[in-house]
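Visitor: Dumping the structure here so I can ask a few things about it.
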Amino acid sequence: MTSAIHRCPKCGAYFNPPRDATSECPHCGIWFHKWAPEPVAFEEIRVDEAGVQEPVAAVDPITFYGRLAGIAFVAIWGIQLAALDYRVGEMGGSFMHNILLPIHEAGHVFFMPLGEFMAILGGSLFQVALPLGIGIAFLWKQREPFGAAMMLWWAGASLLDLSPYIWDSLNPQLTLLGGHTGADGGPHDWIYLLGRLGILHRAHGWGVVVHHLGVLVMAAAIAWAGWYCWRTWREREKA
């Protein structure tokens, strides 16, 4: 144990001379005594090419393997979601849809002051923008790429959730929240939105694009999270 901090336990920045355990990291902004319940322990001392001794922080196996388990979980779940047939709205029966539905409805309320078009677009926009906003906060404020990658995956899943709704607007068949279909004359976000934009006849094409984009975003998020875990492990191995 040591009362001096040679390396930030969060961002990995190396300090020479070491910083006090009650001080703040100048790189990522964490307070060392708040980040860890006790001073950071070091497994060994590494000597770099310039002959400077650099303490190597111990790897937290619970965090590392927990992240790997998280990647496996969202990868399997993502494959299941991607396999759902967006042309018949199978996504509507998924657990993910139940998570996203209240977020979607909240978006209508939040965007209501911006007028009718934005109020209707707000539901779809908010269910994608919310995880992206949280991901930006993870990356910018917390310097936490893994958390940002998980939020990016969530945004991709949100796009998958929207694709059946967009596809359905050309020939409405889905039963919506009020128990009606768009063919009944009830409110259907994407009939209104694509109609206002003059591209309702291309609804199926847009549905396909949004579905495929969602799959790509989820795959990119999983690759990002995997790369980050691999990089942190390789850095420890090089030590």
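The values are calculated or read from the model by the stated rules, or taken from the named source; none is laboratory data. Predicted model, so just to flag it, every value in this text is computed and none were measured. No Cβ is skipped: glycine too gets one built from the backbone with ideal geometry, and neighbour counts run over all protein chains shown.
Visitor: Only one of these is assigned by TED's automatic domain parsing to the domain that holds Val215 and more than 14 Å from the chain's Cα centre (by Cα): Ala157, Ala119. Name it.
Guide: Numbers: Ala157 fails: more than 14 Å from the chain's Cα centre (by Cα).
Of Ala157, Ala119, the one residue that is assigned by TED's automatic domain parsing to the domain that holds Val215 and more than 14 Å from the chain's Cα centre (by Cα) is Ala119.
Visitor: Another question, if that's okay. Are any of the residues in the stretch 61-81 at pLDDT below 90, within 29 Å of Ala13 (Cβ to Cβ) and of a type in the set (A, V, I, L, M, F, W, C)?
Guide: Yes, the conditions are met somewhere in the stretch 61-81.
Visitor: Return the residues of the stretch 61-113 that are buried (at least 17 other Cβ atoms within 10 Å of the Cβ), over 26 Å from Ala225 (Cβ atoms) and either touching a residue at least 60 places away in the same chain (Cβ under 8 Å) or not assigned by TED's automatic domain parsing to the domain that holds Ala223 (or both); say none if nothing qualifies.
Guide: Listed by number, the residues that qualify are Gly89, Gly92.
Visitor: Across the stretch 160-182, what is the total count of residues that are over 30 Å from the mean Cα position of the chain (by Cα) and among the small types (Gly, Ala, Ser)?
Guide: Here the count works out to 2.
Visitor: Among what's in the stretch 126-147 and is closer than 19 Å to Ile99 by Cβ and touching a Phe, Trp or Tyr at 6+ places or on another chain (Cβ under 7 Å), pick the residue that is surrounded by the fewest Cβ atoms within 10 Å (Cβ to Cβ).
Guide: Looking at the filtered set, the residue picked out is Gly147.
Visitor: Could I ask something else about it? Given the structure, is Gly51 modelled with pLDDT under 95 and in contact with a Leu (Cβ under 7 Å, 6 or more places away or on another chain)?
Guide: Numbers: modelled with pLDDT under 95: yes; in contact with a Leu (Cβ under 7 Å, 6 or more places away or on another chain): no.
For Gly51, the condition - modelled with pLDDT under 95 and in contact with a Leu (Cβ under 7 Å, 6 or more places away or on another chain) - is not met.
Visitor: OK, next. Got a sec? Which of His211, His188 is in contact with a Phe, Trp or Tyr (Cβ under 7 Å, 6 or more places away or on another chain) and surrounded by 14 or more Cβ atoms within 10 Å (Cβ to Cβ)? Before you say what the answer is, go through the steps one by one.
Guide: Details: His188 fails: in contact with a Phe, Trp or Tyr (Cβ under 7 Å, 6 or more places away or on another chain).
Of His211, His188, the one residue that is in contact with a Phe, Trp or Tyr (Cβ under 7 Å, 6 or more places away or on another chain) and surrounded by 14 or more Cβ atoms within 10 Å (Cβ to Cβ) is His211.
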